[in-house]
Amino acid sequence: MPGEIITLQVGQCGNQVGEQFWSQISKEHGISMQDQGKRNVGTNEFTDDLPEVFFQKLDDEKYTPRAILIDFEPRVVNGINNRYNNFFNPNNLFISGDGGGASNNWTQGYSLGNTHKEEIMDMVNKELNKCDSFEGFQMIHSVAGGTGSGCGSFLLEELNDMFDKNLITTYSVFPRMGVSSEVVVQPYNQILSLKRLIESSDVNIVFDNASLTSIASNNLKTDSPSYDDFFNTKFYTIYKRLC
């Protein structure tokens, strides 16, 4: 069977996009996020699929994502956990004790990643122990803020060093270029992240905020698109056609 994939959601954007990813893939596998991961194969047209690639099957016929949710401030991760109680493994939710965040600063995010290296990598290793034929990692993050860029960069280096035989794929959200941001150090966050994306990952899937917003505005007639808008069928059809 295909090997298992462990997902790392890093930072506010990474976890918000990750929430929509799990919502979509759960529907495709007939798994209910609201019912603690219970699977109803009767509602699933792919009855011979392999949910174990992204999900761990529990003893009570329920599924939980092979995912680790990481942020240094609690709001987004706690919100996700409250919306889908007992769907994500509570032992795989990492929030820094002080809850102060990385202040949109790559250096601070990288430093916090290094500070909490043992705790985060312990979560990774415990997930690995649940795999029968581990394939690789996928990381969802943004390169504009502090946690997604800084801690994301640190984790890429660690994963590349420890699991150099396994595939590392990133889904990286890039901010709109050429437009000033309230995050003054945003360009530096991007450049410092790019080096790690090039050197420490195997595949980079880049999402340009400006392009995504333009597609949503021009084709979906949505001036303020939500994360859910980017995961609907109509948007994907348009996006694939333009690519």
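A count restricted to the stretch 71-81 and to residues that are exposed (fewer than 14 other Cβ atoms within 10 Å of the Cβ) and either within 22 Å of residue 57 (Cβ to Cβ) or at pLDDT 95 or above (or both) stands at 1.
Among the residues of the stretch 1-24, which ones are surrounded by 17 or more Cβ atoms within 10 Å (Cβ to Cβ) and part of a helix (DSSP H, G or I)? Answer for the stretch 1-24, where residues must be surrounded by 17 or more Cβ atoms within 10 Å (Cβ to Cβ) and part of a helix (DSSP H, G or I): 11, 12, 13, 14, 15, 16, 17, 18, 19, 20, 21, 22.
Figure legend. Inter-residue proximity from the stretch 129-147: first residues over 20 Å from residue 188 (Cα atoms) and among the aromatic types (Phe, Trp, Tyr), second residues open to solvent by less than 10 Å² (accessible area, probe 1.4 Å) and modelled with pLDDT of 95 or more, beta-carbon distance below 8 Å, spacing 6+ or different chains. Indicated pairs: 134/4; 134/6; 137/6; 137/7; 137/8; 137/159; 137/168. Inside the stretch 87-111, can you point out the residues that are assigned to a helix (DSSP H, G or I) and open to solvent by 30 Å² or more (accessible area, probe 1.4 Å)? Those that are assigned to a helix (DSSP H, G or I) and open to solvent by 30 Å² or more (accessible area, probe 1.4 Å): 90, 91, 107, 108, 110, 111. Restricting the stretch 145-161 to residues that are hydroxyl-bearing (Ser, Thr, Tyr) and under 15 Å from residue 198 (Cα atoms), the residue that is surrounded by the fewest Cβ atoms within 10 Å (Cβ to Cβ) is 153.
The values are calculated or read from the model by the stated rules, or taken from the named source; none is laboratory data. What you see is a predicted model; the values in this text were computed from it and never measured. When we count neighbours, we look across all protein chains shown, and the Cβ atoms used for this are built from the backbone with ideal geometry, even at glycine. The area values use the complete protein model at the heavy-atom level, side chains included, leaving out ligands, DNA and RNA. Shrake-Rupley method; radii C 1.70, N 1.55, O 1.52, S 1.80 Å.
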